[in-house]
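Some notes on the structure that comes next.
The values are calculated or read from the model by the stated rules, or taken from the named source; none is laboratory data. What you are looking at is a predicted structure, and each value in this text was computed from that prediction instead of being measured. All Cβ positions, glycine included, derive from the backbone under ideal geometry; neighbour counts span all protein chains shown.
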Amino acid sequence: MKVNFWRTKPVNDLLREAKDQEKLKREMGAADLVALGVGAIIGTGIFVLTGVAAANYAGPGVILSFLISGTAAGLAALVYAELASMIPVAGSAYTYAYATFGELLAWIIGWNLILEYLVAAGAVALGWSSYFTDILRAADIHLPTSLTNSPFRGGILDLPAIFITTLATVIALTGPRASATTNKVIVAIKVLVILTFIVLGFPRVNPSHWRPFLPFGLSGVAQGAAIVFFAYIGFDAVSTAAEEVRDPARDLPRGIIGSLALSTLLYMAVAAVLTGLTSYNRLNTASPVTTALLDAGIRGASFLIGMGALAGLTSVLLVGIYAQSRIFLAMGRDGLLPQAFAWVHPKFRTPWVATIVVGIAVALISSLLPIEIIAQLANVGTLSAFIIVSMGVIILRYKRPDLPRPFRVPLAPWLPLLTIIFAGYLFLNLPRLTWMRFGIWLILGILIYLVYGYRHSLLANREEVALKRAPLRIERPTGVPVDRLFFRLFPSARLNLKLRFPRRRS
C-alpha cells in the first residue's frame with residue numbers, strides 16, 4: 001500500500017459520519033456553552049498562577065501579561081469560532097487539522113491536545129488539593145502529610161487530588177445535561193466569589209504596591225504572559241461539545257467568544273486588586289488570593305474565597321475531563337486510537353471508556369508531577385494547537401471557499417496570521433527545558449502513530465478497499481494508440497509476447 005501521511009478527511013465526510021454515528025444527546029444551548037467555557041477558563045489562572053507570575057516574572061505588570069495572553073487567546077477564539085461553526089464535530093483542533101492538513105498532523109495535534117487537557121487537569125487537581133488542605137488546616141483538621149503529597153514531594157499519594165478527580169469523572173460519565181447543570185451551579189458560585197473579592201479588596205488597594213510597575217521589565221511581562229496563558233486554556237473545550245449542541249452553527253461562536261471575553265475582564269480586575277493589596281514578592285504561593293486578603297487585614301473573607309477557589313477548580317477539572325474524553329472519542333472513531341475510545345454508554349450517552357481512562361490518567365499525573373512543569377507542558381500543547389487551527393482557516397478559505405460558514409473570521413487572512421504570530425511569540429518565551437520535554441512528547445506520539453495509528457486508520461482502510469475494487473484501466477495517450485506506443489518503446493516485445501489491445505473506434 002502506498003504510504004500517505006497527508007491524506008485528508010473531507011469536511012462532508014466528517015459531517016456525514018457525525019450524523020450517521022450520532023449517539024450523543026444534543027441538549028446544550030448558548031448559555032450552557034458560555035458556562036462551559038467560563039468553567040474551563042476561570043480557576044487555576046486566578047487562584048494559583050496569578051501570584052506565581054507576579055512574584056517571579058512580571059510584578060504588578062502581570063495585569064499587562066493577562067492582557068497580552070487574553071489578546072492572543074481572543075484572536076484564536078475567533079479562528080476557532082469559524083471552524084467550529086463550519087465543522088460542528090467532536091474533536092476540536094484535531095478534527096479541523098484532519099480536514100485541512102492531513103492525518104499525520106491531525107494525529108500530532110490530537111496528541112498535543114492530550115498533553116493540554118490531561119496535564120492541565122492534573123494541575124487543577126493539585127491546586128484543589130492545596131486549597132482543600134489549607135481550609136482543613138484553618139479548621140484545625142490536619143491530614144497526614146503522606147496522604148497529601150506525591151512520592152516526589154515526600155509522601156505516598158495525594159488523596160484529595162484523587163478524590164476530586166474521581167468525583168469529576170463520575171459527574172462527566174452521567175451525561176451532558178448533568179455535567180452542564182453541575183457546571184453552571186459551580187460557575188455561578190465562583191463568579192460570585194470573585195466579584196466579592198474585587199468588591200472587598202478594591203477599597204483597600206494601596207497604589208504604592210504598584211510601584212515599580214515593571215520590576216522585571218517588558219521581557220518579564222512577556223514571560224509572565226507565556227506562563228499565565230495557562231489561565232486561558234479551556235475556551236477551546238467549547239468546540240469539543242459540538243455534537244451535543246442544539247444549534248452548533250449559531251451557539252458555538254457565541255459560547256467561545258462570550259466565555260473568553262468575560263474571563264479576560266475578570267482576570268485583569270483580579271490581578272489589579274491582588275497586586276494592590278500586598279507586595280508582589282508575597283504572592284509566590286499556591287494560594288495567592290487568600291494571602292493577599294490576610295495581608296490586607298481581611299480575615300473573615302479568606303474562608304469564603306477558599307471555598308470559591310475549590311468551586312472554580314472543580315469546574316475546570318470537570319470541563320477538562322469532559323473535553324479530553326470527546327477528543328479521544330473522535331480519534332477512536334477514526335481508528336487512530338483503539339475503537340473502545342469511541343464506545344458510547346447506552347444509558348448515559350457518553351464515551352464511557354474514554355472518560356474513565358482520562359480520569360485515571362489525571363489522577364496519576366496529579367500525584368506525580370509538580371505544578372510548574374505541568375503548567376509549562378499544558379501551555380506548549382495549547383499554543384501549537386492554536387497555530388495549526390489558524391493555518392487551517394487560511395487553507396480552507398483557499399481550498400474550500402464553497403463551504404457554508406455561519407461565522408466568518410473578520411479581516412482574513414490577516415487576523416489568523418496575527419494569531420499565529422502571537423501564539424508563536426508566547427511559544428518562544430517558554431523555558432527551553434519545556435521545548436525539550438515537548439520534543440520528547442512529540443517523538444513518542446509519532447512513534448505511536450507509526451506503530452498503531454497509521455495501520456488502523458479507517459480512512460486508510462477505505463482507500464485500500466476502494467483501490468482493490470477499482471477496475472484496472474490502461475489510459476491511452478491522446479492521439480497515439482496504446483499498441484503502437486508500446487511497441488515503439490519495446491520493439492522486441494512484438495516477438496516475445498502475444499498481446500491484444502482493443503482497436504480504437506474512429
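Condition (residue is of a type in the set (Gly, Ala, Ser), at pLDDT below 80 and closer than 22 Å to Val119 by Cβ) applied to the range 327-339: is it met by at least one residue? No. From the list Leu277, Leu262, Leu214, Leu266, the one residue that fits, being crowded, with 24+ Cβ neighbours inside 10 Å and either closer than 15 Å to Ala76 by Cα or in contact (Cβ under 8 Å) with a residue 40 or more places away in the chain (or both), is Leu277. So which residues in the range 69-120 are among the polar types (S, T, N, Q) and touching a helix residue (DSSP H, G or I) at 6+ places or on another chain (Cβ under 6 Å), if there are any at all? Ser69, Ser85, Ser92, Thr95, Thr100, Asn112 - these are the residues of the range 69-120 that are among the polar types (S, T, N, Q) and touching a helix residue (DSSP H, G or I) at 6+ places or on another chain (Cβ under 6 Å). Every condition in (1) at pLDDT below 50; (2) more than 22 Å from Gly102 (Cα to Cα) holds for Phe407 except the one numbered (1). Listed by position, the helices (runs of 4 or more DSSP H) enclosed by the range 332-442 that each have at least 2 residues that are of a type in the set (Lys, Arg) are 371-399. Just the residues that are under 26 Å from Pro207 (Cα atoms) and either at pLDDT 85 or above or charged (D, E, K, R) (or both), please, taken from the range 284-326. Across the range 284-326, the qualifying residues are Asp295, Arg299. Within the range 75-109, the set of residues being of a type outside the set (A, V, I, L, M), in contact with a Ser or Thr (Cβ under 6 Å, 6 or more places away or on another chain) and in a loop (DSSP other than H, G, I, E, B) comprises Ser92, Gly102. Working only within the range 32-65, note down all residues that are surrounded by fewer than 24 Cβ atoms within 10 Å (Cβ to Cβ) and modelled with pLDDT under 80. Selection gives Val52 alone. Which one of Ser146, Ser150, Ser92 is touching a strand residue (DSSP E or B) at 6+ places or on another chain (Cβ under 6 Å) and modelled with pLDDT under 85? One residue alone meets the criteria, Ser150.
Report whether or not Ser130 is under 30 Å from Gly306 (Cβ atoms), buried (at least 24 other Cβ atoms within 10 Å of the Cβ), touching a residue at least 60 places away in the same chain (Cβ under 8 Å) and among the polar types (S, T, N, Q). So Ser130 does not fit the description; no. Summed over the range 97-112, the residues that are among the hydroxyl-bearing types (Ser, Thr, Tyr) and at pLDDT below 85 give a count of 1. Every condition in (1) within 25 Å of the chain's Cα centre (by Cα); (2) outside any helix (DSSP H, G or I) is met by Ile298 except one, and the failing one is (1). Checking each residue in the range 288-343 for being of a type in the set (S, T, N, Q) and touching a residue at least 24 places away in the same chain (Cβ under 8 Å) picks out Thr290, Thr291, Ser302, Thr314, Ser315, Gln324, Ser325.
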